[in-house]
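This report refers to the structure that appears directly beneath it.
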Amino acid sequence: MANIFGSAIKRREDPRLITGTATYTDDVKLPGLTYAAILRSPYAHARITAVDVSAARGAPGVLAIYTGRDIQAKTVPVPCAWNVPNCDLKVPPHPLLAVDKVRYVGDGVAMVVAESRETARDAIDLIDVSYQPLEGGVDPEKMAQPGAPQLHDEVPNNIGFTWIVAGGDAERAFNEAEVAVKERIVQQRLLPTAMEPRAAVASYNKGSGQLTLWVTSQNPHIHRFLCSVMLQIPEHKLRIIAPEVGGGFGSKIPAYPDEALVAFAAMHLGRPVKWTEDRSENYKVTIHGRDHIEYVELCGNRDGRITGLRTRVYAGLGAYASTAGPGIPTILHGLIYPGPYGIPNIHGTIYGVYSNGTPVDAYRGAGRPEAAYLIERLVDIFARRIGMDPVEVRRKNFIPPDKFPYTVVTGLTYDSGNYEPALDKALGMLDYQAFRREQEEGRKQGRYLGVGVISYIEICGLGPSQVAGAVGFGGGLYDSAIVRVFPTGVVRVYVGAKPHGQGQETTFAQIVAEEFGYPVENIEIVHGDTDNTPQGWGTYGSRATAVCGSAVKVASQRVKEKAKKIAAHLLEASEGDIEWQDGKYNVRGSPDQAKSFAEVALMANLAWNMPPGVEPGLEATAFFDPTNFVYPFGSHICTVEVDAETGEVKILRYIAVDDCGPHINPMIVEGQIHGGVIQGIGEGLQEICIYDDSGQLITGTMMDYAVPRASQMPHIETDHTVTPSPVNPLGIKGCGEAGTIASAACLVNAVCDALAPLGIEHLQKPLTPARVWAAMQAAKAGGQRDRGAAEQNGKEVAL
């Protein structure tokens, strides 16, 4: 049988997804189902002086109305699950419904439950809330200054934490450096925009005290844990089911007030309750991503050697600390500052700042794209200052392959790496020198051609659990699998992870098929239901395959070891004489004496003829807790042409060479890279979440928030190198976020390279035609280079 591990077989989950036969949370229908709608604050910051629900309560079809005061004593505020230590973290209470004050547009004020969705939505319009508007703000830098409007009494100056990362002596490095460059970088707020909005359906059995909650979740077991806290019910009485999840990108990691409110109402009414957000509600309430204002500096010598990096970052948390909010701009951002370079001196100060915006949490890449962007932009600016090709600066500073495992000055130990072959392959695919010649000729003709080259590394495969505890993560980061073989030889695998687009129903089956010599059609992957899957810690941070997939492999090997004992008994041979070949157990030297895996499975389940001391059945459980993170890497290249008349950026070519270790399924890896690149290009070209000065969301619909369209995207050319990781039995590294981490910086580097003849050194994202055109006109007129006039506060919306 040909190797199934490494084969680009089609995704097994796709037929139901593309034919409309999959079941999403909003598809769940139960007898007696009722519908919830949540009244949201129209103010970014205001005191609630009165809530009158009498008119709504009397409306036909309305079953119940809940306000913050109604449920305050019966529920617990939304927990923050990542309480980063040693940073004076302050986590103010986040009530399920606002009681005295609202802190962002969309903050929940009351919930209506009615017989129909339409009745519930009509009834919230009948609730009369009196507000006393207060001054507020959404800019994290401004909100951290003395005298800024205060959101929470418990958080002076709105500074939720001050976290420092340091290694070496950055001050000395800058004092002794021959060259230093600095920049102000705005990592604009982004809206995750998963195709499926969030939803929840709750059903309560009063007899058993069992609560079942269907919810759009990337991590059902974490949802069970956090919802049990909010609802004050025992965890074993709470069943979480995450059916199909139509995209997450991090936005379905957190536990939100909404799902707890739906569950509370179901318990109170004794009837099932459903809530589904629309897109406008999704944009107001579901978490946002990024939102950094960064002051960054890099220093080095004229020979191209980088000697130091310093940052001061104002990281927006939004109105409350979301589930993983504090960990994103700290552990997943500051620790990866060195990138693939051996930078000996680093100092970063990150301020987590509360503001009157939607809470901020993980969005594809989660802290790592922000880190890669700042270092890769600085490397290009540094290269230009010293007159060296940016490719050569990168080469000169790469960590050598013979130094791995390598501990960088921020304390991380990179598992494995060989960065130069990926860069060389990407350069060869482009023919870099030929493009430079074409660029030179084009400039003589008044064309603005540019090339951006970046090399990135990311920290992912999140684990180990001991590290999770040390950095304040409120859970473990192991994962688990149960491999069960039925009497007919078919296999069912129960996993703690929650695939939602990553293709793991296919890749996990390939892992088992490779072990058992079976076709993948004989293997089913079960996930998403906490009542029939083992404890797992979720699918995010490019961890599910590296961690849960490793648990699948270990469990499969344990099954195979037991099967070997049974085969030896059936063949009346010593276990040491049994060989595994072509999906069969053979007696060494006597290939005609053999038992297929299916024959062994049948006997294991019948238990008619078992070895002494061996229990019936053929299944195994494995919990895999890695010894380290994994660190995929790669080099991307983008070439562009900027229209001299309009400022429009046209992507000519996009090349991605990534190294995520061995590929279980090359087609799935390629798809993940494609998706990530497109999201990063969207961030680089057009996506920006804009609030006005009063905290109103201007980009509150898809008419205003410009997600990338297929017609705008280039053909993405992919290739790879293979550097296995030593920290898991598959040797693999994550690939789900790599494209997003690399592509925004790659695109902006290309555009700034194209505009270098105008003296433009840096442009803030997104590179809309209006922004690029304005910068070009200012440069031609002798004005200052762009410092990001149209930033996330939305004052200049001519983007």
With every protein chain left in place, what is the accessible area of H236 in Å² (1.4 Å probe, nearest 10)? 140 Å²
The answer for GluC sites (Glu not before Pro) in the range 528-629 that fall in a DSSP coil and have at most 15 neighbouring Cβ atoms within 10 Å is E572
Sorted by accessible surface (1.4 Å probe, heavy atoms of the protein chains only), largest first, M388, M776 come out as M388, M776
Hey, rough spin-label estimate for A770 and S130, points 7 angstrom out along Cα→Cβ, what's it come to in nanometres? 4.0 nm
Per its Cα gyration tensor (rounded if a/c is under 1.5, else prolate when a/b beats b/c, else oblate), the range 233-358 is best filed as prolate
Heavy atoms of C80 accessible to a 1.4 Å probe, total area in Å² rounded to 10: 20 Å²
Looking at the range 359-446, I'd like the Rg to Rh ratio, where Rg is from alpha-carbon atoms and Rh is Kirkwood's inverse mean 1/r. 1.06
Distance from the Cα centre of the range 4-48 to that of the range 602-627, in angstrom? 37 Å
What percentage of the solvent-accessible surface of the chain, computed with a 1.4 Å probe over protein heavy atoms, is contributed by carbon and sulfur atoms? 51 percent
For the range 550-601, taking Cα atoms only, what is the radius of gyration to one decimal and the Dmax to the nearest whole Å? 10.8, 34
Please label the shape of the range 103-261 as rounded, prolate or oblate, based on the square roots a ≥ b ≥ c of the eigenvalues of the alpha-carbon gyration tensor (a/c under 1.5 means rounded; beyond that, a/b larger than b/c means prolate, else oblate). prolate
Shape metrics for the range 468-551, restricted to C-alpha atoms - Rg then Dmax, Å: 13.4, 46
Sites R57 and E561 - FRET efficiency at Förster radius 60 Å, r taken between beta-carbons, to 0.05: 0.40
For M667, the accessible surface traced by a 1.4 Å probe with all protein chains present amounts, in square angstrom to the nearest 10, to 80 Å²
Could you tell me the distance between the Cα centroids of the range 704-732 and the range 454-527, to the nearest Å? 20 Å
Please provide three numbers in whole Å: the alpha-carbon extents of the range 588-677 along the principal axes, with the largest listed first. 82, 34, 25
So what is the accessible area of the range 139-202 per residue, in Å², with the probe set to 1.4 Å? 41 Å²
If amide H atoms are built 1.01 Å from N in the plane of the peptide, which residues on other chains or at least 5 residues away come under 5 Å of the amide H of T718? A656
For the range 344-498, dividing by residue count, accessible area per residue (probe 1.4 Å) in Å² works out to 31 Å²
Take the alpha carbon atoms of the range 399-442, find their center, do the same for the range 190-209, and report the distance between the two centers in whole angstrom. 44 Å
State whether the range 322-375 is rounded, prolate or oblate according to the following rule on the C-alpha gyration tensor (a ≥ b ≥ c being the square roots of its eigenvalues): a/c under 1.5 gives rounded; otherwise a/b larger than b/c gives prolate, and the remaining case gives oblate. prolate
Which whole-Hz couplings ³J(HN,Hα) result when phi for each residue of the range 225-242 is put into the Karplus expression 6.51 cos²θ - 1.76 cosθ + 1.60, θ = phi - 60°, listed in order with x for Gly and Pro? 4, 6, 5, 5, 5, 5, 8, 6, 10, x, 4, 6, 9, 10, 10, 9, 10, 9
How big, in percent, is the set of alpha carbon pairs in the range 517-671 lying more than 23 Å apart? 59 percent
Send over a whole-number figure in Å² for the accessible area per residue of the range 16-84, probe 1.4 Å. 49 Å²
What do you get when you divide the Cα radius of gyration of the range 294-423 by 2.2 N^0.38 Å, with N the number of residues? 1.13
Magnitude of the Cβ-charge dipole (Lys and Arg +1, Asp and Glu -1) of the range 445-537 about the Cα centre, nearest 20 debye, reported as 320 debye
Hey, any idea what the orientation-averaged projected area of the convex hull of the chain's Cα atoms comes to, in nm²? 36.2 nm²
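The values are calculated or read from the model by the stated rules, or taken from the named source; none is laboratory data. Being a predicted model, the structure only gives us computed values, none of them experimental. Glycine also receives a Cβ, built like all others from the backbone with ideal geometry; neighbour counts cover every protein chain displayed. Note: accessible area is taken over every heavy atom of the protein model, side chains too, but ligands, DNA and RNA are not part of it. Shrake-Rupley method; radii C 1.70, N 1.55, O 1.52, S 1.80 Å.
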